[in-house]
Structure formats: C-alpha cells, structure tokens
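The values are calculated or read from the model by the stated rules, or taken from the named source; none is laboratory data. Remember, it's a predicted structure, so these values are computed and weren't measured experimentally. Don't worry about glycine lacking a Cβ; one is built from the backbone with ideal geometry, like all the others, and counts go over all protein chains shown. Keep in mind that these areas ignore ligands, DNA and RNA; they rest on the heavy atoms of the full protein, side chains included. Shrake-Rupley method; radii C 1.70, N 1.55, O 1.52, S 1.80 Å.
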Amino acid sequence: MRLMPPKLNSLLFPPKCIMCHTPGTWLCRSCQSRYLTENLPECAVCRKVSTGFVTHPQCKTDFPTDQVVILWRYNRLGRAFMNKLKLGLRYRIVDHFIGIAQSKIHVLIPPTSILIPVPAHPLRLKERGFNQSEIIANSIAQITGCTTLNALSRSHLGTHQTGTSRRERLLQKSNEFLIKKELHSRLKNEKIVIVDDVCTTGATLHNCALALVPVQPKSISAIALFRGKKTKSNHG
Ligand SMILES: [Zn+2]
Ligand SMILES: [Zn+2]
C-alpha cells in the first residue's frame, strides 16, 4: 500500500473539521459532542448489551468471534468520514478518530494482538490504490504496539447470502476470504483482531473469522469504527 508520507500529507491537506470545516482539526469539539455517538457495548450475535463487546457464551456456538468492538454509530458524521477516507488523500483523519477512542482501544485490544485488515475487493484496491481497513489497522497499531498483517485475501468465488434470518446468514460457511498459506504458522496461538471500517450485519467480520479458524489462533476478535444501519443493498 502506497500512501503519501504523513508530514507531506498534513502540509498538503491541513486538517479541517469534516462537519463544519473549521480549520485546525479533523473534528472540532462542538461537532464531536453533537455528532459522534458512541456505540453501546453489545454482543455481535444477539445485539443485546454485553460488557466489553464480548460475544455471550450462549451466542458463541458456531461463531468463532469472541469479541466485536464497534466504536460509533454510523450517521452523518460516519458518512462524511467514510467519504473523506475513500478518497485517501486525507487518510490522517483516521489517526484523529483512533486518538479519540484511544483509552477504549487500550482497554479492549492487548498490545500483543495481530491486527488483520478486512481485505479490499481487488477492483476497489485497483481503483483506489489502498485498503481503508489497512489504514485503520495501521493507525491502531501505532497507538497499541500491535502488528498489522495482511493475512487475508478475497477469493474469486465470492459468497452468496441466501439465508433469511440474521443467524442463518451469519452461519453460512463462506469461502469469501482465504488465508495466505505462508502465514498459517505465524498466526497459530496468536490473539487475532480483524479490522474493518463499517460493520453492518457483521457477516463480513464473521466470514473473515471463519477463514481464520483453521490456523488455531488463541482468540479471534474484531474492531470496526462504525455500526452501520442495515439496508437492502449492504451485507457487510
Ligand atoms: Zn466542526
Ligand atoms: Zn449474545
């Protein structure tokens, strides 16, 4: 992934509040308190409250993910953030947001974890030249001391979500993601954290987790910045 060096980037694209355009910061105090809504800790399977975003033991049958941390609600601010991020030029906006969640991240992600970004679709990657989940993973790595590893790739087969219920969709064994063979032994007995930008149904994170099970990691968790609302057109 090639990105402009951070110093040059800040010089060319000085921070401006993504909501009200006040210069000097990517999100001014007043817009932060107005638009940045924390996501309550919940279980990724049943969506009921769960301390530390831990998957309830009774919900964990067939679900390999121990914990799915989603920091904020996807709203106008989330949309503005993603629009800026997708252009890539203002990628340092991610550092600002990860900085806001720093204390939470420190509690939830052990520094010995390996961060695995959800791989971008090859066409998107070609178009943009970067994977935004990797930018987020690198930013988390900077503050936690974790390692980022691009261990997953998208298979050409893709996946078809034909199940009707949320549980059925999550349970469908998927071959959407593949683990890079040379990294199998590197991941055994490690604490893995899958990193994504927006989590909507949770299916993408679960499919990544399913792909990682065969390497026998110590634990599989996930983190996403925004909890998206379910619409007809999105599945991830
Ligand atoms: Zn503002
Ligand atoms: Zn649950």
Seminar exercise, completed: The residue that is farthest from ligand 2 (Cβ to nearest atom), considering only those in segment 34-45 that are surrounded by fewer than 17 Cβ atoms within 10 Å (Cβ to Cβ) and not in a loop (DSSP other than H, G, I, E, B), is Arg34
Exercise. Looking at segment 188-208, is at least one residue surrounded by fewer than 20 Cβ atoms within 10 Å (Cβ to Cβ) and in a strand (DSSP E or B)?
Worked result: yes
Problem set entry | Hits in segment 46-57 - residues which are at negative phi and either within 16 Å of ligand 1 (Cβ to nearest atom) or open to solvent by 60 Å² or more (accessible area, probe 1.4 Å) (or both) | Lys48, Val49, Thr51, Val54, Pro57
For this session: Return a yes/no flag: does segment 19-28 have any residue that is polar (S, T, N, Q), closer than 30 Å to Leu210 by Cβ, open to solvent by 20 Å² or more (accessible area, probe 1.4 Å) and more than 9 Å from ligand 2 (Cβ to nearest atom).
Result: no
Exercise. Can you name the residue in segment 58-97 that is open to solvent by 80 Å² or more (accessible area, probe 1.4 Å), over 19 Å from Leu205 (Cβ atoms) and at pLDDT 90 or above and is also farthest from ligand 1 (Cβ to nearest atom) among such residues?
Worked result: Gln58
For this session: Provide a single number: the residues in segment 98-113 that are surrounded by 17 or more Cβ atoms within 10 Å (Cβ to Cβ), outside any helix (DSSP H, G or I) and in contact (Cβ under 8 Å) with a residue 60 or more places away in the chain.
Result: 2
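Every residue, every condition in (1) touching a residue at least 12 places away in the same chain (Cβ under 8 Å); (2) polar (S, T, N, Q); (3) part of a helix (DSSP H, G or I), yes or no:
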{"site": "Leu11", "(1), (2), (3)": "no, no, yes"}
{"site": "His21", "(1), (2), (3)": "no, no, no"}
{"site": "Leu27", "(1), (2), (3)": "yes, no, no"}
{"site": "Gln32", "(1), (2), (3)": "yes, yes, yes"}
{"site": "Arg47", "(1), (2), (3)": "no, no, no"}
{"site": "Trp72", "(1), (2), (3)": "yes, no, no"}
{"site": "Arg79", "(1), (2), (3)": "no, no, yes"}
{"site": "Leu85", "(1), (2), (3)": "yes, no, yes"}
{"site": "His96", "(1), (2), (3)": "yes, no, yes"}
Problem set entry | Val54 vs. criteria away from ligand 2 (no atom under 16 Å from the Cβ) and out of contact with any helix residue (DSSP H, G or I) (no Cβ under 7 Å at 6 or more places or on another chain) | no
Problem set entry | Residue selected from segment 120-154 under the condition at pLDDT below 95 and over 24 Å from Asn9 (Cα atoms), by the criterion least open to solvent (accessible area, probe 1.4 Å) | Ser153
For this session: Sort out which residues of segment 220-235 are at pLDDT below 95 and out of contact with any Cys (no Cβ under 7 Å at 6 or more places or on another chain), and write them in order of number.
Result: Lys229, Lys230, Thr231, Lys232, Ser233, Asn234, His235
